[in-house]
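**Q** Handing you a structure now.
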Amino acid sequence: MANYYISKFYAPTTTNTVTVYSCPSNSRAIIQNIQVANTSGNTITQVYINQASTSTNFRVAYASITGPTTCNLAEGPIILQESDTIGIASSNVSYITGTISILEMNRNDTNG
């Protein structure tokens, strides 16, 4: 089993949920950090996990962020199973960016 440290970045162009990371079908993943920066104004940011095995969306984080500020929306590890996805939605796309830090464990010793 191979372990990969991955960063995925969030710079939205829509207020809809943007899929930032999809766990490969041969892997599991631990989300270690979801860091979001708001440089100005107010925004509501929400994080969703889509559980592939049930095709169900779960909201796992919600924050009303007044800029300028940076916050971590993952207050503990989040585990993704095969084919699960993580997405972020923000009410204002002008001043918000973010990154997700991931440890991906791949059963086939190949990245992704």
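The values are calculated or read from the model by the stated rules, or taken from the named source; none is laboratory data. In this text, all values refer to a predicted model and were calculated from it rather than measured experimentally. Ideal geometry is used to build each Cβ from the backbone, glycine not excepted, and the neighbour counts take in all protein chains shown.
**Q** Looking at region 82-92, is at least one residue surrounded by 15 or more Cβ atoms within 10 Å (Cβ to Cβ), under 21 Å from ASN16 (Cβ atoms) and either touching an Asp or Glu at 6+ places or on another chain (Cβ under 8 Å) or modelled with pLDDT under 95 (or both)?
**A** Scanning region 82-92, I find at least one residue that is surrounded by 15 or more Cβ atoms within 10 Å (Cβ to Cβ), under 21 Å from ASN16 (Cβ atoms) and either touching an Asp or Glu at 6+ places or on another chain (Cβ under 8 Å) or modelled with pLDDT under 95 (or both), so the answer is yes.
**Q** Take the residues of region 50-79 that are of a type outside the set (Ser, Thr, Tyr) and assigned to a loop (DSSP other than H, G, I, E, B): which is surrounded by the most Cβ atoms within 10 Å (Cβ to Cβ)?
**A** Just the residues of region 50-79 that are of a type outside the set (Ser, Thr, Tyr), to begin with: 50-52, 57-61, 63, 65, 67-68, 71-79.
From what is left, the residues that are assigned to a loop (DSSP other than H, G, I, E, B) are 52, 67-68, 73-77.
Values: ALA52: 16, GLY67: 15, PRO68: 11, LEU73: 21, ALA74: 18, GLU75: 9, GLY76: 6, PRO77: 10.
Step by step, filter region 50-79, then rank; the result is LEU73.
**Q** Could you check region 8-28 and list, in sequence order, the residues that are under 15 Å from the mean Cα position of the chain (by Cα), part of a strand (DSSP E or B) and not β-branched (Val, Ile, Thr)?
**A** Result: LYS8, PHE9, TYR10, TYR21, SER22, ARG28.
**Q** May I pose another question? Please work out which residue is nearest to the chain's Cα centre (by Cα), limiting yourself to region 101-112 and to residues that are buried (at least 16 other Cβ atoms within 10 Å of the Cβ) and closer than 22 Å to THR54 by Cβ. Don't jump to the end; show me each part of the working.
**A** Going residue by residue through region 101-112, those that are buried (at least 16 other Cβ atoms within 10 Å of the Cβ) are 101-102, 104, 106.
If we keep only those that are closer than 22 Å to THR54 by Cβ as well, we get 102, 104.
Numbers: ILE102: 9, GLU104: 13 Å.
Checking each candidate, the answer is ILE102.
**Q** Looking at region 34-48, which of its residues are under 15 Å from SER22 (Cα atoms) and surrounded by fewer than 21 Cβ atoms within 10 Å (Cβ to Cβ)? Give the derivation first.
**A** Residues of region 34-48 under 15 Å from SER22 (Cα atoms): 34, 47-48.
TYR48, the sole residue that qualifies.
**Q** Inside region 27-63, can you point out the residues that are over 16 Å from ILE88 (Cα atoms) and not polar (S, T, N, Q)?
**A** ARG28, ALA29, ILE30, GLY41, ALA52
**Q** Right, next: Among the listed residues VAL47, VAL93, which satisfies the condition of being in contact (Cβ under 8 Å) with a residue 24 or more places away in the chain and either within 16 Å of LYS8 (Cβ to Cβ) or part of a strand (DSSP E or B) (or both)? Can you show your working first?
**A** Numbers: VAL93 fails: either within 16 Å of LYS8 (Cβ to Cβ) or part of a strand (DSSP E or B) (or both).
The conditions single out VAL47.
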